[in-house]
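The values are calculated or read from the model by the stated rules, or taken from the named source; none is laboratory data. What you see is a predicted model, and the numbers here were worked out from it, not measured in a lab. Note: ideal-geometry Cβ built from the backbone for every residue, glycine included; neighbour counts use all protein chains shown.
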Amino acid sequence: MASPGGQGGGGALSTRGGGGARRMKWALELSLGNTRSRGDRQGGQGDVVYPIGYSEKPVPDTSIQETDKNLVEKRCWDVALGPLKQIPMNLFIMYMSGNTISIFPIMMVCMMAWRPIQALMSMSATFKLLESSSQQWLQGLVYLVGNLLGSALAIYKCQSMGLLPTHSSDWLAFIDPPQRMEIMGGGMVL
Amino acid sequence: MAKLILLWLKCVVLWAIVEAVFEDQVGKFDWRQQYVGKVRFSHFDTHVQSSKKVLVATERNVFAALNTRTGELFWRHVDKTGSEGNIDALLQHGQDAVLVVGNGRLLRSWEINVGGLNWEVVLDSGSFQSACLVGQQDMVKHVAVLKKTAISVHYLSNGHQKWIENLPETETVDYQAVYSDGNGEVYVLGVVPHSHIAIVVYSMEDGEIIKQVNMSVEAPWLYNIQASCVVVGQGMLTCVDSAGVSFYMLDLHLQLQMTQVPLQSLALEVDPGFHPVLLSHQPNPARQPLSEFFLQLGPDHYQLLQLNNGQIAAMRDFKPALLVSFATTGEKTVAAVMSPKNKTVSKCEIERSLPSRPVFSSRAFLHIACSVNLFSAETGRRLLDTTLIVNMDPNGGKPEKLYVQAFLKKDDSVGYRAMVQTEDHTLTFIQQPGRVMWTREEALSDVVTMEMVDLPLTGTQAELEGEFGKKADGLMSMVMKRLSSQLILLQAWIGHLWKLFYDARKPRSQVKNDVTIENLSRDEFNLQKMMVMVTASGKLFGIDSKTGGILWRHYLHNVPPNAAFKLMVQRTTAHFPHPPQCTLLIKDKDTGLGTLHVFNPIFGKKSHVTPPALPQPILQSLMLPLMDQDYAKVLLLVDDQYKVSAFPSTKNVLQQLQEMAASIFFYLVDSSQGRLSGYRLRTDLSTEQIWEVIIPPEVQKIVSVKGKRPNEHVHSQGRVMGDRSVLYKYLNPNLLAVVTESTDLHQERSFIGILLIDGVTGRIIHEAIQRKARGPVHVVHSENWVVYEYWSTKSRRNEFSVIELYEGMELYNSTVFSSLDRPHAPQVLQQSYIFPSSISTMEATLTEKGITSRHLLIGLPSGGILSLPKMFLDPRRPEIVSEQSREENLIPYAPELLIRTEWFINYNQTVSRVRGIYTAPSGLESTCLVVAYGLDIYQTRVYPSKQFDVLKDDYDYMLISSVLFALFFATMISKRLAEVKLLNRAWR
């Protein structure tokens, strides 16, 4: 997304400060022709001088309407269902990457595991997003379940790749040699 | 499938390829020392004046030429061991050296310059008696070999037989000597014991008997001609009779009657109980011997005598004189006499007169300086300026033989060098006026047992160790201690830097890097150790494992020739300030009595600790992991009454023993009775037999018993299967592998047996019989496996077999191992392989923690030492490859084991007659130190899993550091550039 100022709002000047604009607390340029940089550029676009407060874009109508409410709801459901929708895709990737341990499958698994965890960590932010919805709790739950499913899938993938220490062999290195109870020696008669 | 196997094999091959050393690593961490053994015959090469060779033929069946300047080998020929290669006689003429080998089986002629074989002939059977060179008209062209029943004469040039004659009356006459003095006749001297002398004279031309004398020459006192007779002057057979105390002389040309000359008439007196010995000299086989000869009258008493017109005249008396020898150069013959220089000899006499009781004391042979003087043989006068001082090693033996190399100096006077052989098999070559040119420790050709001991820490290292060893006493003092030790380290480092700087200014040749006993210290990775070697002659050596230099030597006097040795390390160097301590148990096999020699393995000095006297015959000893208050491990000695005595036996130790007695067991194996028995210690140090296994000695004989090495660690308690479950190893520390061989050696009925038996309970864990197999069996027992090698008489090949023991998928008790509580028998897996060579010895590698994979080190009769990965000897190798076996990295079973040349760890450094391989862990987990000993000694390091914990030798430090620096500067510069650019942009 490009910054809105870049497109050249005629009225708002403060954000587009060059060196000179920063030095002053605020400035209102009444004579546009004096400013070199802007004047040149705007002059290039079309030598139209707008009055103060004029915007080229139409100002949106901010009054709340019934359709907007539905839209918000829909949008919130989108957010909540996002993780669930990813699962088929993940399944496909899982299938494609195979069970061999090499750099790409590992990267995939890492990504698959990391994304739900990240999402779960920023749960509060998501809740804030969903605040405006009426079914906030249901959506939150769906979102949570989706992410949990995603991470379960990742764990399953780890399991099938053999990355989880679930076998006795994974703990073999930690077994200490048993202590000897008897002392024994001897040999052939010299 | 075949493709898969091929691929897999390829992988294995590629994987295992970097086993051998690289060319530039040769000699970097390995060394070899070549020995010849105890010298039996020695001749200086005199046919060229400037020759630097001395020929030696030894009791180890080696014939070699040594460089007299350096003591190194010019060449060496190692014959078969045993009586088959025994060197009976060495004769030298000009460039040829003629050897009679194998009790007269072979006659060989060697060219002594390069050591090439001139010819070899097989002689007719018959036991060898004597040989001599035969000359005619000043030319030596023949060699005569006397056997029990025949005499043969061979051409010296090609070995062809000139003639062979059967000796007359061989049933009664014992022919013992052959003599010739260049007049075209060969005299064969025989004796009818305690009756008379028989002489047969053969014509050199055709072997016709010219004269035969029997019955007429009475000699009832004579039974061994070679021991008591010599030929002197113009064919005068001179004998000495110790009983009658007189000379007997017989003119070989006339053969009339023996004339008796009592020694008293010459005013000579034989020491009581001494058998007098005669020594004569025949400088040229084509001429008559000298008319001067030595008579040894006592252990240190010699007399030079002269035969003049049939009359013996005393020329000079030498007392004290230890050794005498004749030497000839040109036309001059000199007699060299070695006599003790100062009065300390009386000590040595006392020592000699003692009955040979097994006393192993270091005081026995005090420091003696001997002097060698030359005397003119004709006149008996001492030659001026010919004194040579021989400083005898206080830790060596008494001089035994003296070989003198005489040469004419420019002013026509006689100069000489002397080679002294001492009873500890040492050869010392000495030049006037007493400079030792070289010393060869030939005792090392017969190493019996050895240990490797860590070197002591340096002062600073010990300081650090001490810091961590001490108990904590307050935070502040700990900090102070830490600071002070760091300061000491810093100081040492600066000192080291200063030394480096100082040395760098000196020319390279002056910088000495010699390892001496003073500057010995442990290196970073504990790769340098002290090799303590015990030799059959009773001489102990301390050898630096890095360079092979002998750092100390100690000769134990009065060690019986068939003694059994057992060397144990009682205290390592880890217990500073207590000195390390080794104990050598020496057992006389005849009397069964044993003695202990306690010494410091780093300095070789006898310890102040007095070992206990052992009045009872000793059966075995065992080392306990218990320690006394001085950190010496306790040694238990079991005597023939099955009573146990402890060494050291302080109160503390006895108390500990009483507490531990219930858990101390030992076993004894009596091979002659086929009895294996286990004993338990009672609290009063008596023992109780708890089990016994009899293997009937009429059917099979116990050959060897192998337990596990006490310093072996096993890191992994199990093996990971393909399905990621664990197969736990059966790691019984008390397990013994008993090898038996059948007494019946018929190839259809012979067998060998392997018995795995628990040494505590006597429970037989496993028994395997290999039918149609024969020894010698070599066995290695380690971890949970036993590998053994035998000769299969059925298929006529060498085979390896491996037994592995597993507990199963579950551990019975993972915290403690007690043989008394083992309800389940282990799973036993076994597999056999074909090996393309016979082997001499076998040992497994050993590392610090046991993480590194194991290799088998196999000494081959060809002199190679093969490092065979244990992976190839694995009973789980599948016949059909499956997914799981591939997962497990198992090599598909193939019956043949290949010998890959890159597996030879000693590349072209052949180690002759490997008798044993000793392995020791180093401070690095990847590295195992290996010493192979036999006739030669070879030391190297092996890396069974490659050097995973060290940077490689050829690691490019330059490249990596230059890249690092370059990157560092690049970042600095680019940072600066970026700043400048930012600033510029800001200015715009």
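General remarks:
- Residue among B:Leu959, B:Leu982, B:Leu924 that alone is more than 30 Å from B:Ser537 (Cα to Cα) and crowded, with 20+ Cβ neighbours inside 10 Å: B:Leu924
- Of everything in the stretch A:76-118 that is among the polar types (S, T, N, Q) and surrounded by fewer than 17 Cβ atoms within 10 Å (Cβ to Cβ), the residue that is modelled with the highest pLDDT is A:Gln118.
- In a residue-by-residue description of the stretch B:766-784, the property of being more than 27 Å from the chain's Cα centre (by Cα), closer than 20 Å to B:Tyr806 by Cβ, within 14 Å of chain A (Cβ to nearest Cβ) and assigned to a strand (DSSP E or B) applies to no position.
- Hits in the stretch B:671-711 - residues which are acidic (Asp, Glu), touching a residue at least 12 places away in the same chain (Cβ under 8 Å) and either in contact with a strand residue (DSSP E or B) (Cβ under 7 Å, 6 or more places away or on another chain) or within 8 Å of chain A (Cβ to nearest Cβ) (or both): B:Glu692
- Restricting the stretch B:488-540 to residues that are of a type in the set (S, T, N, Q) and surrounded by 11 or more Cβ atoms within 10 Å (Cβ to Cβ), the residue that is modelled with the lowest pLDDT: B:Ser521
- Residue within the stretch B:824-846 that is more than 14 Å from every other protein chain (Cβ to nearest Cβ), out of contact with any strand residue (DSSP E or B) (no Cβ under 9 Å at 6 or more places or on another chain) and exposed (fewer than 14 other Cβ atoms within 10 Å of the Cβ) present: no
- Given (1) within 30 Å of B:Ile209 (Cα to Cα); (2) surrounded by 21 or more Cβ atoms within 10 Å (Cβ to Cβ), number of the condition B:Leu295 does not satisfy: (1)
- Residue check for B:Gln616: at pLDDT below 90, within 14 Å of another protein chain (Cβ to nearest Cβ) and out of contact with any strand residue (DSSP E or B) (no Cβ under 7 Å at 6 or more places or on another chain): no
- The single condition among (1) assigned to a loop (DSSP other than H, G, I, E, B); (2) under 25 Å from A:Gly186 (Cα atoms); (3) acidic (Asp, Glu) that B:Glu741 does not satisfy is (1).
- Selection of the stretch B:473-487 for residues being exposed (fewer than 13 other Cβ atoms within 10 Å of the Cβ) and aliphatic (A, V, I, L, M) yields B:Leu475, B:Met476, B:Val479, B:Met480, B:Leu483, B:Leu487.
- Only one entry of A:Ser132, A:Ser151 meets the criterion of being more than 7 Å from chain B (Cβ to nearest Cβ), touching a Pro at 6+ places or on another chain (Cβ under 6 Å) and farther than 23 Å from B:Tyr728 by Cβ, and that entry is A:Ser151.
- Within the stretch A:155-188, tally of residues that are more than 7 Å from chain B (Cβ to nearest Cβ) and of a type in the set (D, E, K, R): 3
- Test: residue in the stretch B:416-424 that is more than 30 Å from B:Ala492 (Cβ to Cβ) and part of a loop (DSSP other than H, G, I, E, B): yes
- Selection from the stretch B:314-342 of residues that are touching a residue at least 40 places away in the same chain (Cβ under 8 Å) and part of a loop (DSSP other than H, G, I, E, B): B:Leu322, B:Gly330, B:Lys341
Rundown of residues vs (1) within 24 Å of the chain's Cα centre (by Cα); (2) crowded, with 19+ Cβ neighbours inside 10 Å; (3) more than 30 Å from B:Arg941 (Cβ to Cβ), yes/no style:
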position	(1), (2), (3)
B:Asp544	yes, yes, no
B:Gly548	yes, no, no
B:Leu567	yes, yes, no
B:Arg571	no, yes, no
B:His575	no, no, no
B:Val598	yes, yes, yes
B:Ala613	no, no, yes
B:Leu622	no, yes, yes
B:Asp628	no, yes, yes
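- The stretch B:125-139, residues that are without any contact (Cβ under 8 Å) to a residue 60 or more places away in the chain and either touching a helix residue (DSSP H, G or I) at 6+ places or on another chain (Cβ under 7 Å) or surrounded by 15 or more Cβ atoms within 10 Å (Cβ to Cβ) (or both): B:Gly126, B:Phe128, B:Gln129, B:Ala131
- Picking from residues in the stretch B:613-632 that are assigned to a loop (DSSP other than H, G, I, E, B) and not charged (D, E, K, R), the one that is farthest from B:Glu712 (Cα to Cα) is B:Pro615.
- Number of the exception - B:Tyr667 against (1) modelled with pLDDT of 90 or more; (2) within 27 Å of B:Pro456 (Cβ to Cβ): (2)
Residues are listed down the side, and each one gets a yes or a no for (1) among the polar types (S, T, N, Q); (2) out of contact with any helix residue (DSSP H, G or I) (no Cβ under 6 Å at 6 or more places or on another chain); (3) crowded, with 17+ Cβ neighbours inside 10 Å; (4) more than 25 Å from B:Asn86 (Cβ to Cβ):
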position: B:Lys141; (1), (2), (3), (4): no, yes, yes, yes
position: B:Tyr155; (1), (2), (3), (4): no, yes, no, no
position: B:Asn166; (1), (2), (3), (4): yes, yes, no, no
position: B:Gly184; (1), (2), (3), (4): no, yes, no, yes
position: B:Ala198; (1), (2), (3), (4): no, yes, yes, yes
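- Qualifying residue in the stretch B:655-670 (condition: within 11 Å of chain A (Cβ to nearest Cβ), in a strand (DSSP E or B) and under 30 Å from B:Asn889 (Cβ atoms)): no
- B:Val760 fulfils the conditions (1) part of a strand (DSSP E or B); (2) modelled with pLDDT of 90 or more; (3) not hydroxyl-bearing (Ser, Thr, Tyr) except for a single criterion, (1).
- Applying the criterion of being of a type in the set (D, E, K, R) and closer than 30 Å to B:Glu902 by Cα to the residues of the stretch B:942-988, the residue that is farthest from the chain's Cα centre (by Cα) is B:Asp956.
- The set of residues in the stretch B:631-643 being over 15 Å from A:Gly187 (Cα atoms) and within 14 Å of chain A (Cβ to nearest Cβ) consists of B:Lys633, B:Val634, B:Gln641.
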